[in-house]
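Have a look at the structure below, then the notes.
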Ligand code: B12
């Protein structure tokens, strides 16, 4: 069957999926290049075949069906495909010009989406510099000074990185360069992109290209919209992070899947999950939205359920946060939202 909207058949999807599963980059490249040569646009291949296939890869990993190694191998295949597709034909020289720097914030390693965005914009005739994942403010400042882009396109996949993304917003604000934000980390319909003062938001690369084609956003003059008390509480939580992690581990009984004694090989994984949860709590406080914490609880609950450790342990973890953070009403409100969320029907929430 052919998808009426994308022109991609079920057979093609199944074949591409098979190549991801087998980590067969040569076959995946051959298939996708042939599709373009047969008349499908590069955009369709990138956005309607590769992107959804990668999202499905994530679901398999989250459900415990695929190992991290399988996920990495599949992502490598998709990256090879993006490179090959980008080389099939030169960019359209008659299309709009404009210089765009594409970046991910500090701590953000999800580079495939911004890479795809870069290629889609390049194919539409824009000048694009892909600065990569994990871009610190100093690197962005250097690009703004050396190359003077018209727009910075900022990708955020994990909401937990929003406070770090905000530092790049700040850099752009100071330089007067508008920011186009995108990626699931900016929340439903990009709501947290607006909180950080984004000039534009687009849900995907196609609509981003359309937005930029219809005109440049004005130079930035806006003020940050994260309020001072949220930013102060966030800074305090970052300072408390080591003590908080120690306190959480002390309060969790031995044998709990999210905790362990030092001899337990699960300790590293537990500490990593607790770190991720703590950072999500802090990010939620930063943008003043408890959904970042509850979404992260949902993610960990799904992760634990798929790996045979009891998700009920999360109740103990969140009760430990409540006792450790009772002095910070602003943070406690998010923890209480987490407790309510955990007590709600399973599957409720986005995680
Ligand atoms: C591949 C992958 C990785 C790879 C990334 C490799 C790479 N070079 O990109 C690696 C292994 C590094 C990784 C690590 C992690 N990952 Co990961 N990862 C994924 C996966 C499977 C695919 C991501 C992807 O490429 N998607 C395809 C793209 C094309 O889709 P997209 O991001 O939605 O992008 C579209 C739009 O959003 C938009 N867009 C995106 N950016 C921008 C920017 C602009 C300006 C615009 C306009 C538009 C735009 O355009 C795109 C297409 O049109 C996702 C699953 C998923 N659902 O996406 C998980 C996923 C994002 N990862 C997840 C997690 C938890 C992690 C880790 C924390 C796991 C861990 N504990 O180690 C780490 C964090 C690493 C870090 N610090 O960044 C979770 C996030 C859950 C959550 N909300 O908390 C997901 C959803 C998996 C899951 N199902 O649970 N990951």
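The values are calculated or read from the model by the stated rules, or taken from the named source; none is laboratory data. Quick caveat, the model's predicted, so the values are computed rather than measured. Every residue, glycine among them, receives a Cβ derived from its backbone with ideal geometry; neighbour counts consider all protein chains shown.
Assorted remarks:
- Boolean, residue 160 is crowded, with 20+ Cβ neighbours inside 10 Å, over 27 Å from residue 297 (Cβ atoms) and within 11 Å of the ligand (Cβ to nearest atom): no
- Some residue of region 83-98 being away from the ligand (no atom under 11 Å from the Cβ), touching a residue at least 60 places away in the same chain (Cβ under 8 Å), in contact with a strand residue (DSSP E or B) (Cβ under 8 Å, 6 or more places away or on another chain) and within 20 Å of residue 180 (Cβ to Cβ): yes
- Condition check for residue 102 on (1) in contact with a helix residue (DSSP H, G or I) (Cβ under 6 Å, 6 or more places away or on another chain); (2) more than 9 Å from the ligand (Cβ to nearest atom): one failure, at (2).
- Region 30-60, subset surrounded by fewer than 19 Cβ atoms within 10 Å (Cβ to Cβ) and farther than 22 Å from residue 123 by Cβ, residue nearest to the ligand (Cβ to nearest atom): 58
- Test for residue 73: is it within 30 Å of residue 302 (Cβ to Cβ) and either touching a helix residue (DSSP H, G or I) at 6+ places or on another chain (Cβ under 7 Å) or assigned by TED's automatic domain parsing to the domain that holds residue 304 (or both): no
- Which numbered condition residue 134 fails, given (1) more than 18 Å from residue 204 (Cα to Cα); (2) within 13 Å of the ligand (Cβ to nearest atom); (3) not in a strand (DSSP E or B): (3)
- Within the set 142, 146, 225, the sole residue that is part of a loop (DSSP other than H, G, I, E, B) and either under 18 Å from the mean Cα position of the chain (by Cα) or more than 8 Å from the ligand (Cβ to nearest atom) (or both) turns out to be 225.
Residue by residue, here is whether (1) under 19 Å from residue 128 (Cα atoms); (2) in contact with a helix residue (DSSP H, G or I) (Cβ under 7 Å, 6 or more places away or on another chain); (3) at pLDDT below 95 holds:
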residue	(1), (2), (3)
154	yes, yes, no
161	no, yes, no
192	no, yes, no
200	yes, yes, yes
205	yes, yes, no
210	yes, no, yes
213	yes, no, yes
222	no, yes, yes
233	no, yes, no
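- Summed over region 176-215, the residues that are without any contact (Cβ under 8 Å) to a residue 60 or more places away in the chain, near the ligand (Cβ under 9 Å from one of its atoms) and farther than 17 Å from residue 162 by Cα give a count of 2.
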